[in-house]
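Undergrad: Sending over a structure as structure tokens; questions will come in a sec.
The values are calculated or read from the model by the stated rules, or taken from the named source; none is laboratory data. Just so it is clear, the structure is predicted and the values come from calculations on it, not from any experiment. Don't worry about glycine lacking a Cβ; one is built from the backbone with ideal geometry, like all the others, and counts go over all protein chains shown.
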Amino acid sequence: MAEAAIASHPRRNPISRLWNDKQSRSVIIQVITISLVFAFFAYIIHNAVVNLQAIGKGFSYNFLWQPSSYDINQHLIEYDSRSTHFRAMLVGIINTVLVAICGIVLASIVGFILGVLRLSKNWIVNRLAYCYIEYVRNVPVLLHILLVHGLIVHAFPVPRQAISIGDVTYMTNRGIFSAKPIYEPLFLVVVVLFLFSLAFMWWFKRHAKKVQDETGQRYPVFWIGLGTIVGMPLVAFFLLGSPISWDMPELKGFNFTGGMVIRPEFIALLLALSLYTAAFIGEIVRAGILGVYYGQTEASYALGINRGRTLSLVVIPQALRIIVPPLTSQYLNLTKNSSLAVAIGYMDIVATIGGISLNQTGREMECMIIVLALYLVMSLIISAVMNWYNKRIKLVER
Amino acid sequence: MNDTPENSNGNSEKEFVIVIRKMHKWYGQFHVLKDINLNVERGEKIVICGPSGSGKSTLIRCINRLEEHQDGEIIVDGTELTNDLKNVEVVRREVGMVFQHFNLFPHLTVLDNCTLAPIWVRKEPREQAEVTAMEYLERVKIPDQASKFPGQLSGGQQQRVAIARSLCMKPRVMLFDEPTSALDPEMIKEVLDVMIELATEGMTMLCVTHEMGFAKTVADRVIFMDEGEIIEQNKPQEFFDNPQHDRTKLFLSQILNH
């Protein structure tokens, strides 16, 4: 039979034979695809180089070492207008990373709470969470940023009429001014004690698990932990005679000087980004919990395990497998949405190296490549961490 | 087995592990369980059968309050089931349940499935809980699978783990909700064998099942339900040989004649 079949196509040309072979066909398709992709990028880059040359521009990163000659209102590292563009970029990176990390933490906490509330059997709680989510996620995030910024700038008083909280913190439309701690040498003892209590709790948590494994008794680890980590340094702090002095913010002229300030741009961006993303995370968490087959909850109840433990021992560990992949996307979204900071003058990567530096030096090609690369690196790091976590909690199937 | 059913004639309630009186349940407008009265003696094995939708599963799910009843009372081992959450937990500790779809925890190993409740509810030391768990896993004949995950086991093995998991809590009553309905024919036997062994050891069992062979060999009493009511209950011999009600006759002819 087989011989007969072969004999029936005696004169197929070699190209047809190659194309109809499953393996070689896939190789051919891959080679063609890759060549096309490379050709496309080669054309684009060639075009860019030719055009840049036509207007008399080279491709060089030397401008990074020239003075930036602009100010940045929020800088966590030393910076002034005589610093280099490179330094400005670093400040931008730090500002972006700061708002992204704070945003991810805040969005996760609010999101998880929203998700659980959304599943509440209490009608009012449930509806409130529902309304919040539907309002927040159906308005573009840029509007949220502008709205929160506008609220702070227009609804908060000018520094002269600042809302004072115990004469230590002042809320104004120029930001939240607060006392800045100046550490005296003895404060080091408190820090050491704090680190020590952290280490102690790490050990104690394992010890408590061992005790539970051996005797079945469970210590209230959370409360003991809270007591140790907060209590011990606090007691030491007062025993040592409060080895901290405060640099108080003072009203001079039209604004406060001294102390430290959280700027309205940062507050607005952080709140808008994280509350916006929290709405999405809330729905993801809800989907995750609902995605765990209800029989799991019933089986746990049937064993006499109470509601809280059922949630923490049975439902959440399984829900996380559903939650983590889309949660990663939300973290990435939040990080990238932080580029909207430019709308309210928060000096992130886009506003510094991708904005003012670009305009001043005219190095659009180089600057945009830097910005693109930076976002790519940040996103890939987040992805890598989340994928690692996702793999760790994956179910063993067969 | 010194207290045979003949000794207890119903005047002292202590002899009954489960007492259900005039119990009703509605799903919205739908009247699922109508005036259920049922007393279960210690060590008694009861098989509940009936057409689908007759309320058999709902009835046994009321006994550990996975479903709430709206009228009448259910008393399990001296504790009445009400909205009191603590009471419900007390009852659930003493009542084991095996589900149609096993409902093992897929993120835990077989051993951890068995030790979870003893550790967190009974507050047993892990080592002791593991020793107990291994004993029961041996009794259901799968001690060698202890470190595997449920997803790696066959259906029959999973259901036997589910039985072992319930037994680890040392329950006084075991509820079975169609334990073999989701299994391949050759796996049904291995699960039924475990259940028969459990029955001969004197466990109080309520079992919703379509396995009439099991009912004939093991049950002390067979209960037939239809449309939310207990239509007929009798010793298995009489029940199968001489059913009283037309509906019972129809049901039996349908399930036995093929």
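Okay, residues lined up against (1) out of contact with any helix residue (DSSP H, G or I) (no Cβ under 8 Å at 6 or more places or on another chain); (2) modelled with pLDDT of 90 or more; (3) on the phi < 0 side of the Ramachandran plot:
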site: B:F224; (1), (2), (3): no, yes, yes
site: B:I230; (1), (2), (3): yes, yes, yes
site: B:N234; (1), (2), (3): yes, yes, yes
site: B:E238; (1), (2), (3): yes, yes, yes
site: B:S253; (1), (2), (3): yes, no, yes
site: B:N257; (1), (2), (3): yes, no, yes
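Undergrad: How about segment A:55-79: which of its residues are under 28 Å from the mean Cα position of the chain (by Cα) and of a type in the set (V, I, T)?
TA: Those that are under 28 Å from the mean Cα position of the chain (by Cα) and of a type in the set (V, I, T): A:I72, A:I77.
Undergrad: Further, regarding this structure: Can you find even one residue in segment B:160-170 that is over 16 Å from the mean Cα position of the chain (by Cα) and more than 13 Å from chain A (Cβ to nearest Cβ)?
TA: Just the residues of segment B:160-170 that are over 16 Å from the mean Cα position of the chain (by Cα), to begin with: none.
Looking for residues that are over 16 Å from the mean Cα position of the chain (by Cα) and more than 13 Å from chain A (Cβ to nearest Cβ), one finds none in segment B:160-170, hence no.
Undergrad: Still on this structure, I have one more. Is segment B:173-192 home to any residue that is farther than 18 Å from B:G96 by Cβ and aromatic (F, W, Y)?
TA: No: segment B:173-192 contains no residue that is farther than 18 Å from B:G96 by Cβ and aromatic (F, W, Y).
Undergrad: Another question about this same structure. Does segment B:139-159 contain at least one residue that is closer than 18 Å to B:L111 by Cβ, assigned to a helix (DSSP H, G or I) and within 15 Å of the chain's Cα centre (by Cα)? Don't jump to the end; show me each part of the working.
TA: Initial filter on segment B:139-159 (closer than 18 Å to B:L111 by Cβ): B:139-154, B:157-159.
Applying the additional criterion that residues be assigned to a helix (DSSP H, G or I) yields B:139, B:143-145, B:150-152, B:157-159.
If we keep only those that are within 15 Å of the chain's Cα centre (by Cα) too, we end up with B:159.
Yes.
Undergrad: So is A:G362 at positive phi and over 17 Å from the mean Cα position of the chain (by Cα) or not?
TA: Details: at positive phi: yes; over 17 Å from the mean Cα position of the chain (by Cα): yes.
It is true that A:G362 is at positive phi and over 17 Å from the mean Cα position of the chain (by Cα).
Undergrad: Looking only at helices (runs of 4 or more DSSP H) that fall completely inside segment A:183-302, which ones have 1 or more residues that are surrounded by 14 or more Cβ atoms within 10 Å (Cβ to Cβ), hydrophobic (A, V, I, L, M, F, W, C) and away from chain B (no Cβ under 14 Å)?
TA: Details: elements: A:187-215, A:221-226, A:232-239, A:264-291, A:294-302.
Ranges flagged: A:187-215, A:221-226, A:232-239, A:264-291.
Undergrad: Considering segment A:136-149 alone, what residues qualify as being assigned to a helix (DSSP H, G or I) and either without any contact (Cβ under 8 Å) to a residue 60 or more places away in the chain or out of contact with any helix residue (DSSP H, G or I) (no Cβ under 8 Å at 6 or more places or on another chain) (or both)? Lay out the reasoning, then the answer.
TA: Within segment A:136-149, the subset assigned to a helix (DSSP H, G or I) is A:136-137, A:141-149.
Result: A:L143, single match.
Undergrad: It is to be established whether one or more residues within segment B:182-202 are within 27 Å of A:K394 (Cα to Cα), of a type in the set (A, V, I, L, M, F, W, C) and not in a helix (DSSP H, G or I). Lay out the reasoning, then the answer.
TA: Filtering segment B:182-202 down to residues within 27 Å of A:K394 (Cα to Cα) leaves B:182-183.
Adding the requirement that they be of a type in the set (A, V, I, L, M, F, W, C) leaves B:182-183.
If we keep only those that are not in a helix (DSSP H, G or I) as well, we get B:182-183.
Yes; the residues of segment B:182-202 include at least one that is within 27 Å of A:K394 (Cα to Cα), of a type in the set (A, V, I, L, M, F, W, C) and not in a helix (DSSP H, G or I).
Undergrad: Step by step: first the residues of segment B:94-103, then only those that are facing chain A (nearest Cβ under 8 Å) and buried (at least 21 other Cβ atoms within 10 Å of the Cβ), then the one that is nearest to A:I322 (Cα to Cα). Which residue is that?
TA: B:N103
Undergrad: Something else: Are any of the residues in segment A:159-171 outside any helix (DSSP H, G or I) and touching a helix residue (DSSP H, G or I) at 6+ places or on another chain (Cβ under 8 Å)? Talk me through it step by step, then tell me what you get.
TA: Of segment A:159-171, the ones outside any helix (DSSP H, G or I) are A:162-171.
Cutting the leftovers down to touching a helix residue (DSSP H, G or I) at 6+ places or on another chain (Cβ under 8 Å) gives us A:170.
Yes.
Undergrad: Does segment B:141-149 contain at least one residue that is at the interface with chain A (Cβ under 7 Å from one of its Cβ atoms), farther than 20 Å from B:D184 by Cβ and touching a residue at least 60 places away in the same chain (Cβ under 8 Å)? Give the derivation first.
TA: Step one: filter segment B:141-149 for residues at the interface with chain A (Cβ under 7 Å from one of its Cβ atoms), giving B:149.
After this cut, where a residue has to be farther than 20 Å from B:D184 by Cβ as well, the list is B:149.
Now restrict to residues that are touching a residue at least 60 places away in the same chain (Cβ under 8 Å): none.
Taking every residue of segment B:141-149 in turn, none turns out to be at the interface with chain A (Cβ under 7 Å from one of its Cβ atoms), farther than 20 Å from B:D184 by Cβ and touching a residue at least 60 places away in the same chain (Cβ under 8 Å).
Undergrad: Same structure, new question: Please tell me if A:L380 is assigned to a helix (DSSP H, G or I), within 14 Å of chain B (Cβ to nearest Cβ), among the hydrophobic types (A, V, I, L, M, F, W, C) and surrounded by fewer than 21 Cβ atoms within 10 Å (Cβ to Cβ).
TA: On the way: assigned to a helix (DSSP H, G or I): yes; within 14 Å of chain B (Cβ to nearest Cβ): no; among the hydrophobic types (A, V, I, L, M, F, W, C): yes; surrounded by fewer than 21 Cβ atoms within 10 Å (Cβ to Cβ): yes.
Taking the combined requirement at face value, the residue does not satisfy it.
Undergrad: For the subset of segment B:104-140 comprising residues that are small (G, A, S) and more than 7 Å from chain A (Cβ to nearest Cβ), which member is nearest to B:D193 (Cα to Cα)?
TA: Filtering segment B:104-140 down to residues small (G, A, S) leaves B:117, B:129, B:133.
Next, from what is left, pick out any that are more than 7 Å from chain A (Cβ to nearest Cβ): B:129, B:133.
Details: B:A129: 25, B:A133: 19 Å.
Applying the filter and picking the extreme gives B:A133.
Undergrad: Touching a helix residue (DSSP H, G or I) at 6+ places or on another chain (Cβ under 8 Å) and within 28 Å of B:L108 (Cβ to Cβ), is that true of A:L320?
TA: Details: touching a helix residue (DSSP H, G or I) at 6+ places or on another chain (Cβ under 8 Å): yes; within 28 Å of B:L108 (Cβ to Cβ): yes.
Yes, satisfied.
Undergrad: Let me ask something else about it. Identify, please: which residue in segment A:303-349 is without any contact (Cβ under 8 Å) to a residue 24 or more places away in the chain and of a type outside the set (A, V, I, L, M, F, W, C) and is, among those, nearest to the other protein chains (Cβ to nearest Cβ)?
TA: The first filter runs over segment A:303-349 and keeps only residues without any contact (Cβ under 8 Å) to a residue 24 or more places away in the chain, leaving A:303-314, A:329, A:342.
Subset that is of a type outside the set (A, V, I, L, M, F, W, C): A:304, A:306-310, A:312, A:329.
Numbers: A:G304: 4, A:N306: 6, A:R307: 8, A:G308: 11, A:R309: 6, A:T310: 10, A:S312: 10, A:S329: 23 Å.
Among those that are without any contact (Cβ under 8 Å) to a residue 24 or more places away in the chain and of a type outside the set (A, V, I, L, M, F, W, C), it is A:G304.
Undergrad: Against the condition surrounded by 16 or more Cβ atoms within 10 Å (Cβ to Cβ), of a type in the set (G, A, S) and more than 23 Å from A:N73 (Cβ to Cβ), how does A:A129 come out, does it pass?
TA: On the way: surrounded by 16 or more Cβ atoms within 10 Å (Cβ to Cβ): yes; of a type in the set (G, A, S): yes; more than 23 Å from A:N73 (Cβ to Cβ): yes.
In short, yes.
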